[in-house]
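Some notes on the structure that comes next.
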Amino acid sequence: MLFRALKSMAGELISLPVGIPKTAYPDGAMQVDEVLRIDLPPVETGAGITLGESFAGDTLGQGNCFVAGPENRLPILALEHLLTGETDFDSNNWASPLVLVGPAGSGKSLLVRGIVRRWQPLLGEDCLAYLSAIDFARTLQTARSEGDLASFRIRLRTLKLLVLEDIHKLPPAIAIQHELRDLLDIYDESGATILCTSRVPPTAQQQLESGLRDRLAGSLVLWLNHPGTEARLELLKLVAVERETTINERQLRTLAESVTGPADHLLRSLREWEVAPQVGANPANCRTPPSAKEVVAVVARYFNLTQAALKGPARRKTLVFARAIVVYLLRTLTPISYVDIGRALGNRDHTTIMHAMTSIQKSLARDSQTQTILEDLRRILLAV
């Protein structure tokens, strides 16, 4: 089966049929304590399907599955038809263009490469292509310089599925951007599908020509986040079983709660656990999550604010941003609920805390400064 809901607290596996309708879930939707596991085709499938450089296999523990918690449920369900690989490739089942936006290490490439591998046997090399935005520009320029532009255009315009990675890296040359803009218009008429990935939403990409930016901004934009606590726990379980690592449920949960960011951070923490006995360390001495009081104090000091101001009613831009940073750190480093975070930040309503969490998640996808601030604070809080 492609989609499997995992009861993350109990570890109970529930198989779901492909393409299951929403109403088939308990109470009409997946439960909050469930995570979704998406099994992807083997890495060996899909060689020789690119116009640019071929893509390599994915890392151990990530190559053949993607685990999504509540933080990524909506984008995964929106991608369901592309991920299932049904017998007919019908673009009416999904939007096009479709732009998958998220920070580095959130799994964008893992998902789109899985989609490519799933459809390649059906569509074949003539109707499917995967390339990066830089590959697109380089191949276009080569075709133009060699007088082969007509063949290049025919090749692209007869595709049924084009996956274009890292659209935020598309060179600013007008000729290149106009070529992609015209291709989007042709795909709109022919019913072909283009799936793009980006670290930045189209509306924030000022290097894009206005017509191209408008077309991408008007597409279905899906936000992908780094795995949350429950998704991290399931990923650790999968890799621990694969590696036959001696580690219990409590220790796995401690790792899942203390290590945030991309999935490879989790793999690194598990490797540290595995090698600890070999260097004379005690793997049981695992980092424990920081308290709400500690996070508030560290963030206040980092932004040169008082804790009283951070918890107070003032709405200065710096204070609002710092509070949102506290919320994100507590939600990703600890098991603390939105309600308890609200209490720690001056008895604020949980809906305000949820809004702050959303604002930082969006900022992470487009603002490198926010990413740097969070990495700095994680290192301080976890003493990495």
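The values are calculated or read from the model by the stated rules, or taken from the named source; none is laboratory data. Keep in mind that what you see is a predicted model, and the values were worked out from it rather than measured. Positions of Cβ are generated from backbone atoms using ideal geometry, with glycine treated the same way; all protein chains shown enter the neighbour counts. Heavy atoms of the whole protein, side chains included, go into the accessibility calculation; ligands, DNA and RNA do not. Shrake-Rupley method; radii C 1.70, N 1.55, O 1.52, S 1.80 Å.
Here is how the numbers come out for the structure above:
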{"read-out": "Residue pairs meeting the criteria (Cβ under 8 Å; at least 6 apart or on separate chains; first closer than 15 Å to Gly346 by Cα, in the stretch 293-304; second surrounded by 18 or more Cβ atoms within 10 Å (Cβ to Cβ) and among the polar types (S, T, N, Q))", "value": "Val295/Thr334"}
{"read-out": "Test set (1) in contact with a Pro (Cβ under 7 Å, 6 or more places away or on another chain); (2) at pLDDT 85 or above; (3) not polar (S, T, N, Q) - Gly105 fails condition number", "value": "(2)"}
{"read-out": "Subset of the stretch 255-266 that is assigned to a helix (DSSP H, G or I) and surrounded by fewer than 19 Cβ atoms within 10 Å (Cβ to Cβ) - its residue that is modelled with the lowest pLDDT", "value": "His265"}
{"read-out": "Answer from Thr332, Thr352 - the residue that is among the β-branched types (Val, Ile, Thr), assigned to a helix (DSSP H, G or I) and without any contact (Cβ under 8 Å) to a residue 60 or more places away in the chain", "value": "Thr352"}
{"read-out": "Boolean, Pro121 is more than 27 Å from Pro201 (Cβ to Cβ), in contact (Cβ under 8 Å) with a residue 24 or more places away in the chain and not small (Gly, Ala, Ser)", "value": "yes"}
{"read-out": "Residues (part of a helix (DSSP H, G or I) and touching a helix residue (DSSP H, G or I) at 6+ places or on another chain (Cβ under 8 Å)) located in the stretch 224-238", "value": "Thr229, Glu230, Ala231, Arg232, Leu233, Leu235, Leu236, Lys237"}
{"read-out": "Qualifying residue in the stretch 222-229 (condition: β-branched (Val, Ile, Thr), open to solvent by 50 Å² or more (accessible area, probe 1.4 Å) and under 20 Å from Ile38 (Cα atoms))", "value": "no"}
{"read-out": "The stretch 265-282 residues that are within 20 Å of His226 (Cβ to Cβ), paired with ones that are in a helix (DSSP H, G or I) and at pLDDT below 75 (beta carbon under 8 Å, 6 or more apart)", "value": "Ser269/Ser258"}
{"read-out": "Residue selected from the stretch 130-189 under the condition acidic (Asp, Glu) and within 21 Å of Gln205 (Cβ to Cβ), by the criterion surrounded by the most Cβ atoms within 10 Å (Cβ to Cβ)", "value": "Glu165"}
{"read-out": "Condition check for Ala314: open to solvent by 10 Å² or more (accessible area, probe 1.4 Å) and part of a helix (DSSP H, G or I)", "value": "no"}
{"read-out": "Condition check for Arg379: more than 18 Å from the chain's Cα centre (by Cα) and open to solvent by 60 Å² or more (accessible area, probe 1.4 Å)", "value": "yes"}
{"read-out": "Residue within the stretch 105-119 that is over 23 Å from Trp223 (Cβ atoms), under 25 Å from the mean Cα position of the chain (by Cα), surrounded by 15 or more Cβ atoms within 10 Å (Cβ to Cβ) and not charged (D, E, K, R) present", "value": "yes"}
{"read-out": "Residue list for the stretch 327-341, restricted to those being under 20 Å from Arg232 (Cα atoms) and out of contact with any His (no Cβ under 7 Å at 6 or more places or on another chain)", "value": "Val327, Tyr328, Leu329, Leu330, Arg331, Thr332, Leu333, Thr334, Pro335, Ile336, Ser337"}
{"read-out": "Pair list, Cβ < 8 Å and 6+ apart or interchain, from the stretch 58-71 residues that are among the aliphatic types (A, V, I, L, M) to residues that are part of a loop (DSSP other than H, G, I, E, B) and modelled with pLDDT of 70 or more", "value": "Val67/Pro227; Ala68/Pro227"}
{"read-out": "Scan of the stretch 193-207 for residues that are open to solvent by 10 Å² or more (accessible area, probe 1.4 Å) and either at pLDDT 90 or above or under 14 Å from Ala173 (Cα atoms) (or both), ordered by number", "value": "Gln206, Gln207"}
{"read-out": "Ser106 being on the phi < 0 side of the Ramachandran plot and free of Cβ contacts under 8 Å to residues at least 24 places away in the same chain", "value": "no"}
{"read-out": "Complete set of residues in the stretch 212-246 that are more than 25 Å from Leu100 (Cα to Cα) and of a type in the set (Val, Ile, Thr)", "value": "Val239, Val241, Thr245, Thr246"}
